[in-house]
């Protein structure tokens, strides 16, 4: 029984991490109908930014500033940094390709992915950097339920992911930016004719999506402890899977997809074998796609003839 | 923006006309020659190339280029002609390679099965084509981007299986080594030159065969399915069967390439069939021009040669500086302005170096990475600090920033940005990029993909397609 | 339109230039340490030869190759400084892909200036390029490929300064059975060829010794080990991690600490890294004593740490391998013999160095393996220091 609960906790944390990445993916896809393969690299950059903020505040063992302040700084700077880079990528690598076939934008995003990953190795080196979270945020601060320890960083992950999902849903449904996003997503030309600035809407979408990736990166550094240039590939893939399982373009779906994957991985490792955890995730994806092609929460859109 | 109030058909015709009025010069010249003679010339050139004296390395590069061309041509069937998404293509490549490896090595059974290439390769092709049919079946229920995703994960599943499942037979991460070379007619192909010739011949034959198919009924069926699947179905084209054939054929070509790859390498390893390989095949196809056979082959050859050039430190420098100068020459008119900018750049460079040398010699004492002519030209012009790593990193950032600024500004500001960008480029290269050739190569490949897509999204040989909204 | 014609012409011109230029000068090799252009045209290069480094320098496995390359470069810089020579290094990036390894190896074989190679990376790449190097009589010394079959596949020019993986499995299982006596243990591999080879050997040895061993497997790209740790649970005594990346092992240790799992970690030489893996109470195997504790090596360790940051287990053997090659070249130069591939190979075969930075002599068996190779077992104590507990003679 304890194993089951522990696996639930592990799965939920991992799932929320994937959900954060998936939310960014879903947003961009929803508005632009574009698969941004460079999204995972923004996550990696966020993890590095968080690491450097930690170093500049004195390093994990000797922080010169109070821990909550450092955490807030890490999240804020990573969000801003990733958002900045995301905007630049959108403006120079994707905007010129808006009218081109979608495979051109795909290849362009591949190019950006290579560029960012190699630039990270050039600037930061290939060695992984350790956050060493234990030194400033002990594992024992958190909830204790008998023999079970749920550390603060894990609780933080779940809280941030849930808050983000709620915030984004509110954004999309209630604000004018959200309305613009929905309009551009439904019919770009009509939206433009109605006076919505497509460029601005897309830019804002990228800002939010990339900032999310940056925050997820810092979160990953805190929970999983490493910042390394090869983070982008697997994170991108898993986040993408989560977005698709939940229904790409659908925000609560992204969260659900993330949780489904996280729990699937966790339970497969715990009860079957860690060897098959990735395979199980892919199997799940294929099953979902065959039974409900638009994802768990996605709406089947009838194609206009 | 397309015209408002005009029906779709008219606006499409109008767009096609406007793009057709300035046809691609190369295509115009090429279309005068005819497809078959062009293929013949290509084949003859490829077969005669080794006679100018190629080293083993160049033959190997040739093999890589031809393998990439073969896989790109196969990918073109499903992606370019039938308009389907196939992000799992690399799994077919790997599947063919593994089947060949299992049939032509010591892996299975007591002493292994050592089938002749005449048997092993067709078996690999047929089995993989069947897998292609299985994958194609999934297209019944999904389409567009969902299809892309599904095929992507098929490739991931293949990777997981070859790495982790049944290590005794599939070899796990160690793969299968000791794969036989190609045996045929009692002799075997064991040298890179042999495989080069084999691949050249196979590529020409495959391209010829596919061209015939393309001009035939199935080719027209693919085109209809690509342009508008619903209309195709209404015109009684069996779209599911057509799609299945596309997948199966593409898988078969990939398996052929995979088998030859396995034989030439003497082994198969799961890591060869992962995302980076898929990216390369896609890049080759898209850069060359999706939807055309010549585009696929040309893109593959060009990409392989360019990435190999970038691997050689001397040539990488030449390519880098050459590309910059070329970019300047092509985009800045009139020539007077270009001359003025280059002049300002020279003077500013000399002045800056003189000032810095006078102020603090340490700052200019660093070594230049390039050799020969470039070194003598730049030696007195460029500042290279003696601990160049951090300034070099900053120079890369400055280069990117100024480059982006140059594309968005106009007039004098733009000229200043360009001058600054060129200086930053030279500085970044000498101080940092040339010292890390492998990393720089990856960055340049990424930059190349992005720039080619922006300048010519349809690829070099591709047709601009109008998407009907 | 002019643009398109020009671009196409450039593409054609570049291709032609590449092909013809490559064929005449036999490939370029620029100096990484600031030397001048070489003049040798035949397969002998005078005393200014070129050494090739084959390894993964970019891509997902760059961590390993980067450290190896830096140590190789430093060895060459030291040599050039001491002997007023200008030996050059060319790097061939394989991204751990055997196909790329074949391409870069052919590049080096075709370059007449390259007389020897040192390789990092993994055993798969050696399996793919071994035959090529043997045919070209070009020596290749590996600092990290330790699969057994590499020295029994008939590669006549392959050597390595690290002992075979079966020796490691032997030494580790001897220690576990002799000193640790676990009731329940788990071995987790990281799906690399290095890891799976030693895992199967350890499983066989430990099961034969009567220990119950479970087998798990994670990918090197995994970031989250918490569910695996949960499964391992509190009743496991020993967790064996034959991994390649020390930072991952440290992550695993932290996940264990978070969940209060108290099993002892036993790592193989891949995670030997006093700076990156220092979970107290763990054991780590290594093919050499800790170089930061060998007095003669401390200046080297200091310099490398200052220039490139912390290092682990991959750098020092590359330094040793490069020194063997440089030693061979030096002997040929001082004797006035031409520095050709065959001569370097013959010289390397006869290597008999009484000491090296790895703290032990280097001499090769006819198969290419290191004579007297064996593994040392280290224990990490509470203040994160590595101390030898077994293997020291």
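The values are calculated or read from the model by the stated rules, or taken from the named source; none is laboratory data. This is a predicted model, so every value here is computed, not measured. Cβ placement follows ideal geometry from the backbone for every residue including glycine, while neighbour counts extend to all protein chains displayed.
If the condition is being facing chain B (nearest Cβ under 8 Å), within 23 Å of residue C:349 (Cα to Cα) and in contact with a helix residue (DSSP H, G or I) (Cβ under 6 Å, 6 or more places away or on another chain), then segment C:111-127 contributes only C:123. Scan segment B:184-236 for residues that are without any contact (Cβ under 8 Å) to a residue 24 or more places away in the chain, buried (at least 19 other Cβ atoms within 10 Å of the Cβ) and under 22 Å from residue B:129 (Cα atoms) and the total you get is 1.
For segment C:174-209, a residue qualifies if it is within 18 Å of residue B:172 (Cα to Cα) and out of contact with any strand residue (DSSP E or B) (no Cβ under 7 Å at 6 or more places or on another chain), and the qualifying residues are C:190, C:192, C:193, C:194, C:197, C:198, C:200, C:201, C:204. Of all the criteria given as (1) touching a residue at least 24 places away in the same chain (Cβ under 8 Å); (2) in a loop (DSSP other than H, G, I, E, B), the one not satisfied by residue A:139 is (1).
As for segment A:23-45, it holds no residue that is under 18 Å from residue C:224 (Cα atoms), more than 12 Å from every other protein chain (Cβ to nearest Cβ) and in contact (Cβ under 8 Å) with a residue 24 or more places away in the chain.
One line per residue, one yes/no per condition, for (1) at pLDDT 90 or above; (2) touching a strand residue (DSSP E or B) at 6+ places or on another chain (Cβ under 9 Å):
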{"position": "C:76", "(1), (2)": "yes, yes"}
{"position": "C:105", "(1), (2)": "yes, yes"}
{"position": "C:116", "(1), (2)": "yes, yes"}
{"position": "C:123", "(1), (2)": "no, yes"}
{"position": "C:127", "(1), (2)": "no, yes"}
{"position": "C:137", "(1), (2)": "yes, no"}
{"position": "C:154", "(1), (2)": "no, no"}
{"position": "C:158", "(1), (2)": "yes, yes"}
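Would a scan of segment A:157-167 turn up a residue that is in contact (Cβ under 8 Å) with a residue 60 or more places away in the chain and within 14 Å of chain C (Cβ to nearest Cβ)? Give the steps one after another, and end with the answer.
As a first pass, look at segment A:157-167 and keep what is in contact (Cβ under 8 Å) with a residue 60 or more places away in the chain: A:157-158, A:160-162, A:164-165.
If we keep only those that are within 14 Å of chain C (Cβ to nearest Cβ) too, we end up with A:157-158.
Yes, segment A:157-167 contains a residue that is in contact (Cβ under 8 Å) with a residue 60 or more places away in the chain and within 14 Å of chain C (Cβ to nearest Cβ).
I'd like the residue in segment B:410-437 that is assigned to a helix (DSSP H, G or I) and free of Cβ contacts under 8 Å to residues at least 12 places away in the same chain and, out of all such residues, is farthest from the other protein chains (Cβ to nearest Cβ).
Applying the first criterion (assigned to a helix (DSSP H, G or I)) to segment B:410-437 yields B:411-431, B:433-435, B:437.
Subsequent filtering for residues that are free of Cβ contacts under 8 Å to residues at least 12 places away in the same chain retains B:411-414, B:416.
Details: B:411: 20, B:412: 22, B:413: 17, B:414: 15, B:416: 19 Å.
Filtering segment B:410-437 for residues that are assigned to a helix (DSSP H, G or I) and free of Cβ contacts under 8 Å to residues at least 12 places away in the same chain, the one farthest from the other protein chains (Cβ to nearest Cβ) comes out as B:412.
Return the only residue of B:78, B:97 being more than 11 Å from chain C (Cβ to nearest Cβ), at pLDDT 75 or above and surrounded by 12 or more Cβ atoms within 10 Å (Cβ to Cβ). Only one candidate qualifies: B:78.
Here are some residues: A:105, A:100, A:126. Which one is under 26 Å from residue A:208 (Cα atoms) and touching a helix residue (DSSP H, G or I) at 6+ places or on another chain (Cβ under 7 Å)? I'd like the intermediate steps shown before the answer.
Values: A:100 fails: touching a helix residue (DSSP H, G or I) at 6+ places or on another chain (Cβ under 7 Å); A:126 fails: under 26 Å from residue A:208 (Cα atoms).
When all the criteria are applied, what remains is A:105.
Taking the criterion of being over 32 Å from the mean Cα position of the chain (by Cα), under 22 Å from residue B:380 (Cα atoms) and surrounded by fewer than 16 Cβ atoms within 10 Å (Cβ to Cβ), the residues of segment B:300-341 that qualify are B:339, B:340.
Which one is farthest from residue B:269 (Cα to Cα), of the residues in segment C:139-148 that are more than 12 Å from every other protein chain (Cβ to nearest Cβ) and either in a loop (DSSP other than H, G, I, E, B) or free of Cβ contacts under 8 Å to residues at least 40 places away in the same chain (or both)?
Going residue by residue through segment C:139-148, those that are more than 12 Å from every other protein chain (Cβ to nearest Cβ) are C:139-144, C:146.
Restricting the remaining residues to those that are either in a loop (DSSP other than H, G, I, E, B) or free of Cβ contacts under 8 Å to residues at least 40 places away in the same chain (or both) gives C:143-144, C:146.
Details: C:143: 21, C:144: 18, C:146: 17 Å.
The qualifying residue farthest from residue B:269 (Cα to Cα) is C:143.
Out of everything in segment B:49-62 that is under 23 Å from residue C:105 (Cβ atoms) and more than 9 Å from every other protein chain (Cβ to nearest Cβ), what residue ends up being surrounded by the most Cβ atoms within 10 Å (Cβ to Cβ)? Result: B:62. Among the residues of segment A:94-106, those that are closer than 8 Å to residue B:453 by Cβ and either facing chain B (nearest Cβ under 7 Å) or free of Cβ contacts under 8 Å to residues at least 40 places away in the same chain (or both) comprise A:97, A:100, A:104.
Just one of the listed residues (B:134, B:161) is at the interface with another protein chain (Cβ under 10 Å from one of its Cβ atoms), surrounded by fewer than 20 Cβ atoms within 10 Å (Cβ to Cβ) and either part of a helix (DSSP H, G or I) or in contact (Cβ under 8 Å) with a residue 12 or more places away in the chain (or both), and it is B:161. Exactly one residue out of B:67, B:152, B:147 is closer than 21 Å to residue B:266 by Cα and either part of a helix (DSSP H, G or I) or in contact with a helix residue (DSSP H, G or I) (Cβ under 6 Å, 6 or more places away or on another chain) (or both), and it is B:67. If only residues of segment C:234-250 that are in contact with a helix residue (DSSP H, G or I) (Cβ under 7 Å, 6 or more places away or on another chain) and under 26 Å from residue B:165 (Cβ atoms) are counted, the one that is farthest from the other protein chains (Cβ to nearest Cβ) is C:240. Evaluate the following for residue C:310: is it farther than 30 Å from residue C:189 by Cβ and outside any helix (DSSP H, G or I)? No; evaluated as a whole, the condition is false for this residue. Here is the figure for segment B:298-345: residues that are facing chain C (nearest Cβ under 10 Å), more than 26 Å from residue B:46 (Cβ to Cβ), in contact with a helix residue (DSSP H, G or I) (Cβ under 8 Å, 6 or more places away or on another chain) and free of Cβ contacts under 8 Å to residues at least 12 places away in the same chain total 3. Tell me which residues, restricted to segment B:28-48, are surrounded by 12 or more Cβ atoms within 10 Å (Cβ to Cβ), modelled with pLDDT of 80 or more and out of contact with any helix residue (DSSP H, G or I) (no Cβ under 8 Å at 6 or more places or on another chain). Across segment B:28-48, the qualifying residues are B:40, B:44.
Of the residues making up segment A:75-84, at least one is free of Cβ contacts under 8 Å to residues at least 60 places away in the same chain, farther than 30 Å from residue B:285 by Cα and more than 14 Å from chain B (Cβ to nearest Cβ). A single entry from A:60, A:66 fulfils the requirement of being over 22 Å from the mean Cα position of the chain (by Cα), closer than 26 Å to residue C:63 by Cα and modelled with pLDDT under 90: A:60. Quick check on segment B:262-275. Is at least one of its residues surrounded by fewer than 22 Cβ atoms within 10 Å (Cβ to Cβ), free of Cβ contacts under 8 Å to residues at least 24 places away in the same chain and in a helix (DSSP H, G or I)? Looking for residues that are surrounded by fewer than 22 Cβ atoms within 10 Å (Cβ to Cβ), free of Cβ contacts under 8 Å to residues at least 24 places away in the same chain and in a helix (DSSP H, G or I), one finds none in segment B:262-275, hence no. Search segment C:259-276 for residues being within 24 Å of residue C:163 (Cβ to Cβ) and free of Cβ contacts under 8 Å to residues at least 40 places away in the same chain, and hand back the single one that is surrounded by the fewest Cβ atoms within 10 Å (Cβ to Cβ). Among those residues, the one meeting the criterion is C:275.
Applying the condition of being part of a loop (DSSP other than H, G, I, E, B) and within 8 Å of another protein chain (Cβ to nearest Cβ) to segment C:82-101 and asking which residue is surrounded by the fewest Cβ atoms within 10 Å (Cβ to Cβ) yields C:95.
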